[in-house]
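Here's the structure we're looking at; comments come further down.
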Amino acid sequence: FSAAARFAEREGIKGAPSILMRVAENAVKIALISAVGRAPSAASIDQHDFEIGYALAKWSAEVMIANIASHVADNLQEQNTNEVERVIKSAGEEGISQSRLLRRFRKLRKKDLVDIADALVQQGSVEAAQIIGTGGRPAVFYRGAQSDTAT
């Protein structure tokens, strides 16, 4: 749980502190639902109910924070950066070529897209590799960073 809090603080995610502050409150509500589901006429919250409630509330908070980080933007540059990062990470282990990324983001100039991708590489959320082909220039591929566990 503290990893989600550190990630939210590091990324300056709006709304994250209030989401994290409600985990215990939501855990109790979920524990009550669990207890009532087990014994409707004599519901009593036990340790197992609270563990279920806490696990579900914690997971929910972490998912909300990750979605806020990847979908909420203050300006167009941040929105474009989030979108490029999502597309690169969704390409999986194989990654996505720079040329395919350029086709995907026709709304961006090549220089702007390359600058966004380079910034993502520098911050460590994506990796870049050059593949030498059988002719012409080397192709650049991007993929999600292997050590990126925050999202």
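Quick notes on this structure:
- Sole exception among (1) exposed (fewer than 15 other Cβ atoms within 10 Å of the Cβ); (2) in contact with a helix residue (DSSP H, G or I) (Cβ under 9 Å, 6 or more places away or on another chain); (3) closer than 17 Å to GLN146 by Cα for GLY95, by number: (1)
- The numbered conditions (1) part of a helix (DSSP H, G or I); (2) modelled with pLDDT of 90 or more; (3) touching a Gly at 6+ places or on another chain (Cβ under 9 Å); (4) not basic (Lys, Arg) are all true for ILE68 except (2).
- Criterion applied to LYS89, LYS111 was being at pLDDT 85 or above, loosely packed, with under 11 Cβ neighbours inside 10 Å and assigned to a helix (DSSP H, G or I), and the one residue passing it is LYS111.
- Failed condition for GLY53, given (1) in contact with a Pro (Cβ under 8 Å, 6 or more places away or on another chain); (2) more than 21 Å from PHE141 (Cβ to Cβ): (1)
- Applying the criterion of being open to solvent by less than 80 Å² (accessible area, probe 1.4 Å) and free of Cβ contacts under 8 Å to residues at least 12 places away in the same chain to the residues of segment 17-54, the residue that is farthest from VAL87 (Cα to Cα) is ALA42.
The values are calculated or read from the model by the stated rules, or taken from the named source; none is laboratory data. As the structure is a prediction and not an experimental result, all values here were calculated from the model. Cβ: placed from backbone, ideal geometry, glycine included. Neighbour counts: every protein chain shown. Ligands, DNA and RNA are stripped out before the accessible areas are found, and what is left, the full protein with its side chains, is counted by its heavy atoms. Shrake-Rupley method; radii C 1.70, N 1.55, O 1.52, S 1.80 Å.
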